[in-house]
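Notes follow once the structure below has been shown.
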Amino acid sequence: MTGAAKEAGQQKERAVMQINHSTFTNVGDAAAVLTMQDVRDVCAAKGKAEYAAAVNRLTVLIPSEPLNTIPATEEALARIVPKSSKRHPNPFPGHIATPAAYKDFRRRVQAALRLASGDADRRAVLNARRDGWYELLSCLKENVEQGGAVARVSLVAINRLAAASRTLDLEPWHLSDRDALDRLDATSLHYNQRASWSRGLAAIERYRAVLPELNRVLPPEPLGTFVEARRIRASVPEYLEAQVAAWIAQASNKGIDENSGEPIEPRSVSTTNRYRASFRHYLTTLGKAGYPVGAVNDLSSLVTGKAMFAYLSAAEASLGAVDAINPGSVLRYVTDIITVASRNGVDVSDAAKVSRGNEMLKRARVKGQEMGSATREFCMRLLADKRREKIFANLHVLCREKAEAILAECGGNPAELKGRKRATFLAFGTIAGFAAIALRGSPDRKGAILQLKLLGTEPHLLAPDRNFKEWRFWIPAENTKTKKERPLMPITGNGSEVIEWYIKVVRPLLDGGRNLPWLFPAPEAADRMSGQRFDTYMLEASTACGLTMTAHRFRAGQATRLLDISWENLPIAAELLGNTPAVCGRFYAFINKQKLRRNTYEVLDAREKEMSK
């Protein structure tokens with residue numbers, strides 16, 4: 001974070017603190033709550049020793065910021081103790097042992113802030129309202145039991161949406177109103193909060209189709225989205241939106257068949273969506289920076305050297321802000337914009353020249369040629385600690401054992417699994433099946449494995465038979481990032497045993513008798529398991545086994561172990577990962593450097609021993 005961005009953020013926190021202070025003048029003790037030191041003192045006076053201790057711990061975690069300098073606001077909390085994420089599950093590994101312990105600590109600090117500020121009391125009053133949200137939530141909770149239409153996990157996002165809406169006196173029937181969504185969006189402190197509200201909106205829209213009684217408190221038209229609200233607020237002219245859509249349509253075709261006139265190999269939906277996101281960010285950022293976006297008639301006049309300089313300057317100035325994107329994302333956006341414009345016959349030479357000369361993008365390009373620092377650290381620690389490597393190599397077995405232990409507590413009957421036990425069992429079981437394929441088959445990308453089909457006219461898994469004693473699988477070209485088919489591969493050793501156990505014991509609970517084709521079906525929808533649910537399962541199961549990791553780090557760890565045995569395994573690792581040896585070599589070069597250093601010292605030690613004879 002730059003000094004200017006940090007100072008701007010702290011000024012905003014102080015402004016919010018003053019607003020809160022003026023709001024709290026009639027809320028008892030909250031009138032004196034201005035800093036986190038006040039929060040600690042109020043919690044201690046109210047007998048909440050565990051909350052006071054959690055706040056006091058901040059003096060150890062962030063010694064550079066005394067408690068009396070940290071504003072007692074949710075914004076300050078989001079900055080000093082950020083929400084746990086996949087990439088950064090525990091920001092203080094040197095002081096807090098596990099991601100779960102960090103989440104518990106953060107919850108205590110947040111509870112302390114809300115108790116001292118009077119926010120907890122206000123939330124209780126809001127939640128006790130007999131309003132439209134009360135009726136909507138009551139209906140959903142009635143249908144959340146086993147076999148009901150509502151997934152329990154979706155209630156979390158809906159409850160968060162309801163709590164935020166109630167603070168602004170917004171009812172469920174306001175959720176199609178752009179102005180209402182715009183007001184709600186403006187109160188979000190960070191992207192994750194807004195994303196949670198978006199999931200709540202999507203869930204409500206999904207459930208109204210199967211629970212008609214919800215329509216009593218919902219608007220007749222479809223619910224709005226925050227993306228639409230932000231676009232309206234950014235004031236990007238409709239004619240520019242139309243030009244962007246036309247450009248993307250043109251750029252998304254790899255060519256036209258001369259005989260049929262049909263597009264040849266149109267680019268994927270994810271690529272098209274990425275193009276759209278790139279232009280959305282480019283245009284809105286230019287508009288916020290004061291560039292006359294609304295005054296131009298042709299989109300091509302916004303892909304110039306001058307416009308690109310303005311965009312990059314604004315993006316760099318915002319680094320460190322709550323909703324800022326990182327330089328790597330800016331580089332991808334710029335690359336997409338130049339690519340799409342050039343495919344539409346636009347002269348992009350000046351814009352490309354500006355992007356090549358930008359120092360922020362130069363650093364992003366260099367960083368993009370290497371493995372991320374967090375993933376590299378994970379891989380290095382994996383090689384240095386045999387205990388960690390043993391957990392890694394046996395993750396499928398460990399997860400199966402933990403799942404079977406939970407099942408044994410219910411008498412071995414899967415139907416008796418309820419609530420949290422059921423969710424934990426599914427997490428361990430799912431990761432056991434996934435790890436069996438990735439460890440004993442092929443460490444392919446998460447998306448490719450989640451798209452594997454067990455049933456249907458062309459299944460991707462083949463059961464053992466007279467000629468083959470192990471399960472086998474293949475991955476079609478359209479499911480891989482490189483668009484190259486992975487040929488039939490065996491799931492070797494105990495991997496076949498684990499995948500068979502997963503199919504017989506775990507998968508029926510996910511499928512629920514719906515006969516879905518996917519190996520990893522979604523428990524709440526007629527689709528494959530979502531990446532978000534899988535990531536949650538991966539984090540929970542791997543942490544419980546003693547080695548917290550994401551699916552990406554899991555894949556990187558498998559390649560790291562193979563290359564550490566011998567750098568000559570580079571072609572094999574590249575083939576397994578679906579990369580070229582050149583790409584694989586760049587990302588895992590640190591392994592070869594480590595081995596070269598070790599070999600150098602071994603050669604020098606042998607030389608010295610020979611000289612001493």
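The values are calculated or read from the model by the stated rules, or taken from the named source; none is laboratory data. All of these numbers come straight from a predicted model, not from anything done at the bench. Counting neighbours? That spans all protein chains shown, and the Cβs are built from the backbone with ideal geometry, glycine included. For accessibility, only protein heavy atoms count, side chains too; no ligands or nucleic acids. Shrake-Rupley method; radii C 1.70, N 1.55, O 1.52, S 1.80 Å.
Every test in (1) at pLDDT 90 or above; (2) crowded, with 16+ Cβ neighbours inside 10 Å is passed by Thr335 save one, and that test is (2). Remark: pairs (first residue in region 420-442, over 16 Å from Cys545 (Cβ atoms) and of a type in the set (Ser, Thr, Tyr); second residue open to solvent by 10 Å² or more (accessible area, probe 1.4 Å) and in a helix (DSSP H, G or I); Cβ separation under 6 Å; 6+ apart in sequence or on different chains) = Ser442/Leu576.
Within the option set Ala97, Ala31, being at pLDDT below 90, open to solvent by 20 Å² or more (accessible area, probe 1.4 Å) and in a helix (DSSP H, G or I) holds for one residue only, Ala31. Answer with yes or no whether Ala432 is at pLDDT 90 or above, open to solvent by 60 Å² or more (accessible area, probe 1.4 Å) and not in a loop (DSSP other than H, G, I, E, B). Answer is no for this residue.
The residues on offer are Arg199, Arg160, and the sole one that is outside any loop (DSSP other than H, G, I, E, B), open to solvent by 10 Å² or more (accessible area, probe 1.4 Å) and closer than 17 Å to Gly132 by Cβ is Arg160.
For region 474-499, residues that are outside any loop (DSSP other than H, G, I, E, B) and out of contact with any helix residue (DSSP H, G or I) (no Cβ under 7 Å at 6 or more places or on another chain) total 10. Number of residues in region 376-404 that are of a type in the set (Gly, Ala, Ser) and over 14 Å from Trp501 (Cα atoms) equals 2.
Kindly check whether there is at least one residue in region 411-426 that is among the small types (Gly, Ala, Ser), over 13 Å from Tyr502 (Cβ atoms), open to solvent by less than 60 Å² (accessible area, probe 1.4 Å) and modelled with pLDDT of 90 or more. For region 411-426, residues among the small types (Gly, Ala, Ser), over 13 Å from Tyr502 (Cβ atoms), open to solvent by less than 60 Å² (accessible area, probe 1.4 Å) and modelled with pLDDT of 90 or more: absent. The residue of region 288-316 that is surrounded by the most Cβ atoms within 10 Å (Cβ to Cβ), among those that are at pLDDT 85 or above and under 30 Å from Lys83 (Cα atoms), is Tyr311.
Regarding Gly320, is this residue at pLDDT below 90 and open to solvent by less than 50 Å² (accessible area, probe 1.4 Å)? Considered against the rule, which asks whether it is at pLDDT below 90 and open to solvent by less than 50 Å² (accessible area, probe 1.4 Å), Gly320 comes out as yes. Answer with yes or no whether Ala124 is under 25 Å from Arg199 (Cβ atoms), at pLDDT below 85, assigned to a helix (DSSP H, G or I) and not basic (Lys, Arg). It is true that Ala124 is under 25 Å from Arg199 (Cβ atoms), at pLDDT below 85, assigned to a helix (DSSP H, G or I) and not basic (Lys, Arg). Checking region 371-391 against the condition returns a match, with at least one residue being touching an Asp or Glu at 6+ places or on another chain (Cβ under 7 Å) and under 12 Å from Phe554 (Cα atoms). Within region 380-388, can one find any residue that is in a helix (DSSP H, G or I), open to solvent by less than 50 Å² (accessible area, probe 1.4 Å) and at pLDDT below 90? The answer is yes; a qualifying residue exists. Of the residues making up region 507-549, those that are of a type in the set (Lys, Arg) and either over 19 Å from His460 (Cα atoms) or open to solvent by 30 Å² or more (accessible area, probe 1.4 Å) (or both) are Arg514, Arg528, Arg533.
One line per residue, one yes/no per condition, for (1) at pLDDT 90 or above; (2) surrounded by fewer than 17 Cβ atoms within 10 Å (Cβ to Cβ); (3) in contact with a Leu (Cβ under 9 Å, 6 or more places away or on another chain):
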| position | (1), (2), (3) |
| --- | --- |
| Arg445 | no, no, yes |
| Glu458 | no, yes, no |
| Arg466 | no, yes, no |
| Arg472 | yes, no, yes |
| Ala477 | no, yes, no |
| Lys484 | no, yes, no |
| Leu488 | no, yes, yes |
| Ile499 | yes, no, yes |
| Val505 | yes, no, yes |
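Name the residues in region 447-456 that are part of a helix (DSSP H, G or I) and open to solvent by 20 Å² or more (accessible area, probe 1.4 Å), would you? Selection gives Gly447 alone. Checked against (1) more than 23 Å from Ala408 (Cα to Cα); (2) crowded, with 19+ Cβ neighbours inside 10 Å; (3) in contact with a His (Cβ under 8 Å, 6 or more places away or on another chain), Gly495 meets all criteria but (1). Mind listing whichever residues of region 202-243 are open to solvent by less than 10 Å² (accessible area, probe 1.4 Å), under 30 Å from Asp298 (Cα atoms) and either of a type in the set (A, V, I, L, M) or at pLDDT 85 or above (or both)? Hits for region 202-243 are Ala229, Leu240.
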